[in-house]
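Asker: Before I ask anything, here is the structure I am working with.
The values are calculated or read from the model by the stated rules, or taken from the named source; none is laboratory data. Keep in mind that this is a model prediction, so the values were computed, not measured. Neighbour counts are summed over all protein chains in view; Cβ atoms, including those assigned to glycine, are modelled from backbone coordinates with ideal geometry. With ligands, DNA and RNA removed, areas are computed over all heavy atoms of the protein, side chains included. Shrake-Rupley method; radii C 1.70, N 1.55, O 1.52, S 1.80 Å.
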Amino acid sequence: YLALPGPNLETPAEYRMANIIGADVIGMSTVPEVIVAKHMDLPVLVTAVVSNKCFPIEDIQETTVEEVLKVVGQTAPKLSQLLKEYNKWMEEKKKEEESIRLAEQKRLEHLRRMEKIRLEQIRQKAAENKRNREREEELLAEQRKIEEINRQVELKEKLLADKKRREEIFKRIQRQKE
């Protein structure tokens, strides 16, 4: 696309120049509008009506403004239908994207809920483990107390046995003295 300033129709020299530089279409608009839109970060969609032939050079005929307007007038209903279909497609695309966005949002909400449930399960398991450790420590403390009591009982039994043995020895010694 070669943009030339208007408002005027191209000269044969401009057609030759366009041919030399490889342009397929020449127009007076679009490029300035696209530059401004891009500068403003706006999305751009361009449609155009080619109203007169500029290639090959030997097929070029002089064109009048009336002929250009006639071609544009004939093309307008087709272009209008094309834009309606494009708008319909864009609306469907927006709905589809919104549907995808909502589905993704629901999926993320579900994942967050599942993560909260999982975290709660982990907290409960950690609390249960802590209670189990505390209970285990209590049982171990009780077991140590019981072991201590058993040691004391054994010690008392030994002491009693020693006392009994001493008493028997003492009695024997007494009997021997008699």
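Asker: Check whether at least one residue in the range 67-82 is in contact with a Leu (Cβ under 6 Å, 6 or more places away or on another chain) and assigned to a helix (DSSP H, G or I), and report yes or no.
Answerer: Checked against the condition, which is being in contact with a Leu (Cβ under 6 Å, 6 or more places away or on another chain) and assigned to a helix (DSSP H, G or I), the range 67-82 yields no hits at all.
Asker: Follow-up. Name the one entry in 178, 167 that is at pLDDT below 95 and either open to solvent by less than 100 Å² (accessible area, probe 1.4 Å) or of a type in the set (A, V, I, L, M, F, W, C) (or both).
Answerer: 167
Asker: Let me ask something else. Return the residues of the range 101-135 that are closer than 30 Å to residue 43 by Cα, open to solvent by less than 100 Å² (accessible area, probe 1.4 Å) and not small (Gly, Ala, Ser); say none if nothing qualifies.
Answerer: If the condition is that a residue be closer than 30 Å to residue 43 by Cα, open to solvent by less than 100 Å² (accessible area, probe 1.4 Å) and not small (Gly, Ala, Ser), then 102, 104, 105, 108 are the ones that fit.
Asker: Suppose we filter the range 34-55 for residues that are open to solvent by less than 50 Å² (accessible area, probe 1.4 Å) and at positive phi; how many remain?
Answerer: 0
Asker: Filtering the range 41-66 down to residues that are among the β-branched types (Val, Ile, Thr) and not in a helix (DSSP H, G or I), which residue is nearest to residue 24 (Cα to Cα)?
Answerer: 50
Asker: Could you please give the count of residues in the range 13-33 that are open to solvent by less than 40 Å² (accessible area, probe 1.4 Å) and β-branched (Val, Ile, Thr)?
Answerer: 2
Asker: So if I check each of 10, 85, 58, which one is out of contact with any strand residue (DSSP E or B) (no Cβ under 7 Å at 6 or more places or on another chain) and surrounded by 10 or more Cβ atoms within 10 Å (Cβ to Cβ)?
Answerer: 85
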